[in-house]
1. It is to be established whether one or more residues within the stretch B:215-233 are of a type in the set (S, T, N, Q) and over 22 Å from the mean Cα position of the chain (by Cα).
2. Can you tell me which residue in the stretch B:44-80 is surrounded by the fewest Cβ atoms within 10 Å (Cβ to Cβ), limited to those that are in contact with a Leu (Cβ under 8 Å, 6 or more places away or on another chain) and in a loop (DSSP other than H, G, I, E, B)?
3. For the stretch B:1-41, enumerate the residues that are away from chain A (no Cβ under 14 Å) and either outside any helix (DSSP H, G or I) or of a type in the set (Ser, Thr, Tyr) (or both).
4. Can you pull out the residues in the stretch B:84-109 that are of a type in the set (S, T, N, Q), open to solvent by 50 Å² or more (accessible area, probe 1.4 Å) and either outside any loop (DSSP other than H, G, I, E, B) or not assigned by TED's automatic domain parsing to the domain that holds B:ALA146 (or both)?
5. Counting only residues that are of a type outside the set (Lys, Arg) and buried (at least 22 other Cβ atoms within 10 Å of the Cβ), how many does the stretch B:114-127 have?
6. Of all the residues that make up the stretch A:43-83, how many are within 13 Å of chain B (Cβ to nearest Cβ), among the charged types (D, E, K, R), open to solvent by 10 Å² or more (accessible area, probe 1.4 Å) and in a strand (DSSP E or B)?
7. For the stretch B:110-123, which positions are in contact (Cβ under 8 Å) with a residue 24 or more places away in the chain and assigned to a loop (DSSP other than H, G, I, E, B)?
8. Return a yes/no flag: does the stretch A:21-28 have any residue that is hydrophobic (A, V, I, L, M, F, W, C), at the interface with chain B (Cβ under 9 Å from one of its Cβ atoms) and under 24 Å from A:LEU210 (Cα atoms).
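The values are calculated or read from the model by the stated rules, or taken from the named source; none is laboratory data. Please read all numbers here as calculations on a predicted model, not as lab measurements. Here Cβ is always computed from backbone atoms with ideal geometry, including for glycine, and neighbour counts include all displayed protein chains. Accessible surface is based on the protein model in full, side chains and every heavy atom, while ligands, DNA and RNA are left aside. Shrake-Rupley method; radii C 1.70, N 1.55, O 1.52, S 1.80 Å.
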Amino acid sequence: MAYSLYHTLNISCQDMLNRMMDLDTIANNLANVNTVGFRGSRMNFQELLSEQKLEGNTLINTQVSNNQGVITRTDNPLDWAIQGNGFFAVKLPGGEIGYTRDGMFQLDSKRQLVNSSGYLLKWDGQIPKETTSINIENTGEVIASLSDGTLKSVGKIQLASFANPTALINAGNNVWIPSEASGKAQMVTPGTSGCGIILSGAYEMSNINLADEMTHLIRVQRDFQVTSKVFQQTDTMISEAIHIRKV
Amino acid sequence: MIKGLYSAVSAMVMNANRQQLLSHNVSNMDVPGFKQILSTAEDYMQTTVIDPLDILEEKNSPREVGLLGLGVQNGQEVIDFSQGGIEVTNKIYDLAIQGTGFFHIKTPDGERYTRDGRFMRDASGMLITSEGYQVLGKNGQPIKIADGTVEIGSSGEVIIDGVSTSQLDLVEFEKPEEILRHDQGNLFMTDTKPTAAKNSTIIQGALETSNVNAAQVMTQMIEILRAYEAAQQMVQNQDELLGKTISSLGRIG
């Protein structure tokens, strides 16, 4: 074991920085406790040893929770909740495709479906001009009621399914983009491949569990406190070594 | 007298090393499955003391008056394999072991064992650890998880849509603290073949917290600081005595 109190200071310092990062994640989770379709994240820290030298810990990855959020009824036919692991595919302003669970859609002036962040839903179909109301089946089939009183199937919505949805990357605005670890998005019919079904007239609340986050917060705070005590004590020990000689 | 000076310094070094170990444990207090490392101290070598008068009188066989320790050094580090707490996370691939078992992991450097159950399913459907190593099943093959509703039973059977498809290899060692060596990232290694775990159960949707205890850590820290301070005082005293010897011994009048 290499003997250096400065290295010990470093271990504690690194740990305090890591706890602060963890705190940032908790703060972001808590801030989005009421965001529709939001998915919480967890930072995974792991013990760090290099050539048997003790180095404290390090951040290895951030995992997105794919727990189901609570589904809230609104009776608005354009509020869609996903019960399962799928995502809606939306077009981002840059042209690329993002994935979201936020299913509060509206019709814009061009009769396109946009969600509450203003992103266009990617689907096969078109809402006709004479539509008075829209409904969606569990399997993603969109049915329009026309002004002459008839019902017409106007297209199908597919959901994106990922092999590892916990490795998606947060692109902001409640949108996630795939990473190498998550695998590519596969567009599937709702109700197949574990992607879940679409519920009309409801939205999914954030999947943050307030009690869990608060417990985590307390733990991080206490960890930080203990580490800062260790840091202080190491400092005292260095000071004593320096003052070993009485002048 | 010089011997005493070095003994006291050796105690300072030993306690500084203990502080490093403690700080590593504290850093990993929030790492699931982490097992705290305990420090031990042992006697450094001993030397025979010879009666100084006999040396002065140049006797042929000077009298031995006993043994003198020359200080202290860090002994072997011991890993404490006691059970950590169980924290419910509700994530399907988070697994906690209740009991003495270990998960069997395949890494590029060989097979490893861990208590850290933060698993996930990668893009190709394999069950991997948070660092990307594959988790091995009872048949020695990595676990693959097909699409569907995943359930992991208490003995590690992987059930997909109600059908048991494979089983996690849950192993144990008779004396883990003697057999297992610490590898990087919460993994343990050994050349000894493990046996199938008997009294261990897997809890899905939960993680085992580290077994580092904050209250114990604070107590250890006080212990370290006081021992370090005492050793530092000893160095100072020896220094003063040496100073006195040099400046006052042999002074006339």
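1. Within the stretch B:215-233, the first condition is being of a type in the set (S, T, N, Q), and the residues that meet it are B:216, B:219-220, B:232-233.
Checking which are over 22 Å from the mean Cα position of the chain (by Cα) leaves us with B:232-233.
Scanning the stretch B:215-233, I find at least one residue that is of a type in the set (S, T, N, Q) and over 22 Å from the mean Cα position of the chain (by Cα), so the answer is yes.
2. Residues of the stretch B:44-80 that are in contact with a Leu (Cβ under 8 Å, 6 or more places away or on another chain), as a first pass: B:44-49, B:77-80.
Next, only the ones that are in a loop (DSSP other than H, G, I, E, B) stay: B:44-45, B:77, B:80.
Numbers: B:TYR44: 15, B:MET45: 8, B:GLU77: 15, B:ASP80: 13.
The extreme case among them is B:MET45.
3. As a first pass, look at the stretch B:1-41 and keep what is away from chain A (no Cβ under 14 Å): B:1-4, B:7.
Passing the criteria: B:MET1, B:SER7.
4. Here is the first cut: in the stretch B:84-109, the ones of a type in the set (S, T, N, Q) are B:89-90, B:98, B:100, B:107.
Filter once more, keeping what is open to solvent by 50 Å² or more (accessible area, probe 1.4 Å): B:90, B:98, B:100.
Hit for the stretch B:84-109 is B:GLN98, nothing else.
5. If we filter the stretch B:114-127 for residues that are of a type outside the set (Lys, Arg), which is where we start, we get B:114, B:116-117, B:119-120, B:122-127.
Still in the list and also buried (at least 22 other Cβ atoms within 10 Å of the Cβ): B:114, B:116-117, B:119-120, B:127.
Final tally of qualifying residues: 6.
6. Within the stretch A:43-83, residues that are within 13 Å of chain B (Cβ to nearest Cβ), among the charged types (D, E, K, R), open to solvent by 10 Å² or more (accessible area, probe 1.4 Å) and in a strand (DSSP E or B) number 2.
7. Our first condition is that a residue be in contact (Cβ under 8 Å) with a residue 24 or more places away in the chain; within the stretch B:110-123, this holds for B:110-121.
Answer for the stretch B:110-123, where residues must be in contact (Cβ under 8 Å) with a residue 24 or more places away in the chain and assigned to a loop (DSSP other than H, G, I, E, B): B:ARG115, B:ASP116, B:GLY117.
8. Taking the stretch A:21-28 first, the residues hydrophobic (A, V, I, L, M, F, W, C) are A:21, A:23, A:26-27.
Still in the running and at the interface with chain B (Cβ under 9 Å from one of its Cβ atoms): none.
Checking the stretch A:21-28: not a single residue is hydrophobic (A, V, I, L, M, F, W, C), at the interface with chain B (Cβ under 9 Å from one of its Cβ atoms) and under 24 Å from A:LEU210 (Cα atoms).
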